1. Out of everything in the stretch 96-111 that is closer than 15 Å to LEU59 by Cβ and not hydroxyl-bearing (Ser, Thr, Tyr), what residue ends up being surrounded by the fewest Cβ atoms within 10 Å (Cβ to Cβ)?
2. Given the residues GLY79, GLY93, GLY23, GLY35, which is the only one that is at positive phi and either surrounded by 17 or more Cβ atoms within 10 Å (Cβ to Cβ) or among the aromatic types (Phe, Trp, Tyr) (or both)?
3. Among residues belonging to the stretch 55-92 that are of a type in the set (Lys, Arg) and outside any strand (DSSP E or B), point out the one that is modelled with the highest pLDDT.
4. Which of the following residues is loosely packed, with under 12 Cβ neighbours inside 10 Å and more than 25 Å from ALA21 (Cα to Cα): THR40, THR64?
5. Only one of these conditions is not met by SER28: (1) assigned to a loop (DSSP other than H, G, I, E, B); (2) surrounded by 12 or more Cβ atoms within 10 Å (Cβ to Cβ); (3) of a type in the set (Gly, Ala, Ser). Which number is it?
6. Quick one: HIS17 ticks every box in (1) surrounded by 14 or more Cβ atoms within 10 Å (Cβ to Cβ); (2) at pLDDT below 90 except a single one, so which number is it?
7. Return yes when ARG95 is under 19 Å from PHE108 (Cα atoms), at pLDDT below 95 and part of a strand (DSSP E or B) and no when it is not.
8. What are the residue pairs meeting all of these: first residue in the stretch 51-70, first residue over 18 Å from ILE110 (Cα atoms), second residue at pLDDT below 75 and not β-branched (Val, Ile, Thr), Cβ atoms under 7 Å, and 6 or more apart or on different chains?
Amino acid sequence: MSRWTVHLEGGPRRVNHAAVAVGHRVYSFGGYCSGEDYETLRQIDVHVFNAVSLSWMKLPPVRTSGREQAREVPYMRYGHTAVLMDDTVYIWGGRNDTEGACNVLYAFDIG
């Protein structure tokens, strides 16, 4: 019989995020939380849930220098899609309050 249980509280508060499972980890990309700033362009946040230890961690931001390299990392967004193929997560679409909808496909290497 199917049933719900609460295993952990304290993860990131998000709606309209995208998540993929890789082994015993769940990677959560971006999303929306009321009270956060979505008018300033900043890197998308990535939270990882470990299903073995039942714990969350936030990945540190990627270091970039210059505007061109900064475009290689997606900006914070909500309403996007994430798909896992092999060891790569592809993130497509979504929007924020400054740039609007995004039409760039990003690849995140899990390996």
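1. Of everything passing the filter in the stretch 96-111, GLY111 is surrounded by the fewest Cβ atoms within 10 Å (Cβ to Cβ).
2. It is GLY79.
3. ARG77
4. THR40
5. (1)
6. In the conditions (1) surrounded by 14 or more Cβ atoms within 10 Å (Cβ to Cβ); (2) at pLDDT below 90, HIS17 misses (2) alone.
7. It is true that ARG95 is under 19 Å from PHE108 (Cα atoms), at pLDDT below 95 and part of a strand (DSSP E or B).
8. Close Cβ pairs (under 7 Å, with a partner that is at pLDDT below 75 and not β-branched (Val, Ile, Thr)) amount to LEU54/HIS7; LEU54/LEU8; THR64/ALA70.
The values are calculated or read from the model by the stated rules, or taken from the named source; none is laboratory data. Being a predicted model, the structure only gives us computed values, none of them experimental. Neighbour counts are summed over all protein chains in view; Cβ atoms, including those assigned to glycine, are modelled from backbone coordinates with ideal geometry.
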